[in-house]
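Single-structure report; data block below.
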Amino acid sequence: MKRLLMIAYHFPPIQGSSGVQRSLRFIQHLPEFGWEPIVLSITPCAYPATSDDQLAQIPAGTVVCRAFGLDAARHLSIAGRYPGWLALPDRWANWQFAAAIHGRALIRRHRPQALWSTYPIATAHRIAAGLQQHSGLPWLADFRDPMAQPDYPADPAQWRAFKRIEESAARQAAAFSFTAPSALADYRQRYPDAAARMHLIENGYDEAAFADEVADEPLTPGHLTLLHSGIVYPQERDPTQLFAALATLRRENPALTAQLRLRFRAPVHEDLIRHLAATHDLTDLIEVLPPLPYRDAIAEMQRADGLLVLQAGNCNHQIPAKLYEYLRARRPILGLADPAGDTGRQLAAAGVPLVVPLEQPQAIREALGAFLTDPARRALADEEIVAAASRRQRTAQLAKLLDRMAS
């Protein structure tokens, strides 16, 4: 069996990010396709929150090395401030020093055939670039989403750091992977000499997480519950126009909106949700709830009357990982995303009837009304599309690419 050294910040016991699922499920399924994973991650103290609920899902016998690293914002600040250079390319840049030492030791001891690193923590790619230069091993840079964008990161120094990492990957990486078609197309244009080495490996869902028996009773008896599960980013998933639309609908048809409960599970930015609810006098319709263990969160999706997707137009080159779990949950979906963006197109391709821009309150109001009154607008996703989106299928794609790299 061939071996793969995987550099990933997002790894159990981190809590609160769906990004952990990509690394964890690849690690679970890779042995089936002839690859033994070796994991280089960061010490758990670097995570903003932790939970043990997914530790048992790491396959027995998997080598996991946790190199020391700190969060500059939490561990290296004085009176809430820290030098900017400590956070280039990100707040976990100091992880690189211990990871380089441990990574070299892992390569000597286990002799992997390839390296893999994954964003959105850019330091992981910097670590991989150093290990590739030292070892000469083929490196697969899993970008997932775009890094240096026209308006992101906002800090010029961080933007330049991201750009340097992209450029080093373009020179060194044997392959790249992206999770959305537009991100892939964008990078093929940015780095045409590396275009042939760039590939699409989308996110997916873990079929085993849907194996538990789910209770039949609704989440909120007597009401239709629309659930958003996961982080609500203030810019990338700004719910401001959703609340404005719901307030308008309530003024026009109070009896209809009285049926609705809008539940935000583990949104992180709870104050934003509560402020918007209070501003629009919607507090009685809104629920803000804490995180659940992963499988319990999946079960909650399966019991919801509807699932809410939030994706702003500034993220048209991205698809939330949660979307694939929504599709597999086999519940109606209301998509608040640009129909011309990757998220909107993915929803439409899966047969989701209601997809409108997150920035347009009038369109959202109409979509909410249709969702509440017209059962035909709550059609479920296409079964064939759902079946093709499992994490096992994505891992088969990854293994095939790794085989080509290592041959």
**Message:** Just to be sure I understand: of the beta bridges DSSP finds with both ends in the chain, what percent are antiparallel, rounded to 5?
**Reply:** 5 percent
**Asked** Among L256, I58, A170, which residue has its Cα positioned farthest towards the positive end of the charge dipole of the chain, with +1 placed on the Cβ of Lys and Arg, -1 on the Cβ of Asp and Glu, and the dipole taken about the Cα centre?
**Response** A170
**Around A363: net Lys/Arg minus Asp/Glu count, Cβ-Cβ under 14 Å** = -1
**Message:** Pairs of alpha-carbon atoms within less than 8 angstrom and 6+ residues apart define the contacts here; what relative contact order does segment 33-154 have, in percent?
**Reply:** 20 percent
**Complete:** Rounded to the nearest Å, the spacing of the alpha-carbon centers of segment 169-221 and segment 116-154 is 15 Å
**Asked** Taking springs between alpha-carbon atoms closer than 10 angstrom, which of L226, L76, L272 fluctuates most in the Gaussian network model of the chain?
**Response** L76
**Item:** Least to most buried among H228, H269, H317 (fewest other Cβ within 10 Å first)
**Value:** H269, H317, H228
**Item:** ³J(HN,Hα) computed for each position of segment 287-296 - Karplus, 6.51 cos²θ - 1.76 cosθ + 1.60, integer Hz, glycine/proline x
**Value:** 10, 10, 10, x, x, 10, x, 3, 5, 5
**Prompt:** Given segment 40-189, what percent of its DSSP beta bridges are antiparallel, to the nearest 5?
**Reply:** 15 percent
**Complete:** Restricting to Cα pairs under 8 Å and 6 or more apart, the percent relative contact order of segment 209-387 works out to 24 percent
**Prompt:** Charges only on Cβ, +1 for Lys and Arg, -1 for Asp and Glu: so what's the dipole of segment 209-387 about the Cα centre, in debye to the nearest 20?
**Reply:** 180 debye
**Asked** How large is the charge dipole for the chain, taken about the Cα centre, if only the Cβ atoms of Lys, Arg (+1) and Asp, Glu (-1) carry charge, to the nearest 20 debye?
**Response** 1580 debye
**Prompt:** In straight Cα distance, which lysines are under 19 Å from K2, not counting same-chain residues fewer than 8 positions off?
**Reply:** K400
**Asked** Which whole-Hz ³J(HN,Hα) couplings does segment 127-144 yield from phi under the Karplus relation 6.51 cos²θ - 1.76 cosθ + 1.60, θ = phi - 60°, glycine and proline marked x?
**Response** 4, 4, 4, x, 5, 5, 5, 6, 9, x, 6, x, 10, 9, 8, 8, 6, 6
**Prompt:** So what is the 222 nm mean residue ellipticity for the chain from helices alone, if each DSSP H run of at least 4 adds -39500 (n - 2.57) and you divide by all residues, rounding to the nearest 500 deg cm²/dmol?
**Reply:** -11500 deg cm²/dmol
**Message:** How charged is the neighbourhood of A99? Take every other residue with its Cβ under 11 Å from the Cβ of A99, and add Lys/Arg as +1 and Asp/Glu as -1.
**Reply:** +3
**Request:** Work through the residues other than I319 whose Cβ is under 13 Å from its Cβ and net out their charges, Lys, Arg +1 and Asp, Glu -1.
**Result:** 0
**Complete:** Checked segment 209-387 with the C-alpha gyration tensor, a ≥ b ≥ c its square-rooted eigenvalues, rounded below a/c of 1.5, otherwise prolate if a/b is larger than b/c and oblate if not; verdict rounded
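Give the shape of segment 1-153 as rounded, prolate or oblate, defined through the alpha-carbon gyration tensor: a ≥ b ≥ c are the square roots of its eigenvalues, a/c under 1.5 means rounded, and otherwise the shape is prolate if a/b is larger than b/c and oblate if not.
Prolate.
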**Request:** Post the alpha-carbon centroid distance, segment 15-78 to segment 358-375, in whole angstrom.
**Result:** 39 Å
**Asked** What is the set of long-range amide H partners of A67 at a cut-off below 5 Å, with H atoms built 1.01 Å from backbone N?
**Response** S41, I42, T43
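Just so you know, all these numbers are worked out from the coordinates, no wet-lab data involved. Since this is a predicted model, take the numbers as computed values, not measurements. Glycine also receives a Cβ, built like all others from the backbone with ideal geometry; neighbour counts cover every protein chain displayed.
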